[in-house]
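Trainee: Before I ask anything, here is the structure I am working with.
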Amino acid sequence: MSDQHQPQAGDWSAFAEQWNEQFLDALEDNMEAQAQFVERWSESVGELSEEEELSDGVEGYARAYETWMNASQQMVDRMNDQLEGEDVDIDEFRDIWLNTANEAFKDVMSTTAFAKMTGETVGDVLELQQQADEAAQETLHTLGFATEDDIVEVGDRLVELERRQHAVEEKLDRVLDHLEEQ
């Protein structure tokens with residue numbers, strides 16, 4: 001390699017320093033975004049104090065608790081049946097717990113409190129993901145790597161060049177056809 005293409009020690013130090021700064025900025029942005037997420041999540045849980053939503057949530061958890069207690073009673077009953085000599089299939093025990101788990105989850109997840117918390121959490125996660133994507137794009141751009149936006153721009157330019165080339169080819173074909181006719 002010639003001296004023109006070899007990076008200077010000062011250039012490398014500046015590049016490394018810039019990369020370190022960008023990394024620290026991205027890390028700081030990530031920590032800030034996580035703090036905002038936790039803060040918003042805490043606020044959304046705190047906002048659940050609205051009486052109707054809180055009541056609905058408590059009722060859902062009470063129904064789930066009752067469902068688990070009924071399953072426990074079914075298990076005791078079936079165990080007693082087995083001890084008394086009845087032939088009880090072991091799959092019954094598994095089915096009791098699987099069906100109970102489905103019912104209990106349904107009891108909790110059908111509440112407006114759960115729906116509200118889930119919706120807010122999903123919104124916060126999507127916002128956090130967008131911030132992380134933006135930080136990653138900025139970091140890649142600073143380091144000289146192609147970003148998604150750069151690739152899209154190159155693709156758009158290629159499509160435009162192909163369109164223009166096609167138009168020039170059509171004009172050239174018309175000119176050649178015209179010259180051949182004369």
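Trainee: For residues that are among the polar types (S, T, N, Q) and in contact with a helix residue (DSSP H, G or I) (Cβ under 9 Å, 6 or more places away or on another chain), scanning just the stretch 115-149, find the one that is farthest from Glu17 (Cα to Cα).
Mentor: Checked the stretch 115-149; the qualifying residue farthest from Glu17 (Cα to Cα) is Thr118.
Trainee: Considering (1) in contact (Cβ under 8 Å) with a residue 24 or more places away in the chain; (2) more than 24 Å from Ser55 (Cα to Cα), say which one Asp177 fails and leave the rest.
Mentor: Here Asp177 clears every test but (1).
Trainee: Pairs please, first residue from the stretch 69-84 and under 23 Å from Ala104 (Cβ atoms), second anywhere and acidic (Asp, Glu) and surrounded by 11 or more Cβ atoms within 10 Å (Cβ to Cβ), Cβ atoms under 8 Å, 6+ apart in sequence or on different chains.
Mentor: Qualifying pairs under 8 Å: Arg78/Glu92.
Values quoted throughout were computed directly from the atomic coordinates according to the rules given, and no laboratory measurement underlies them. Quick caveat: nothing in here was measured; it's all calculated off a predicted structure. Don't worry about glycine lacking a Cβ; one is built from the backbone with ideal geometry, like all the others, and counts go over all protein chains shown.
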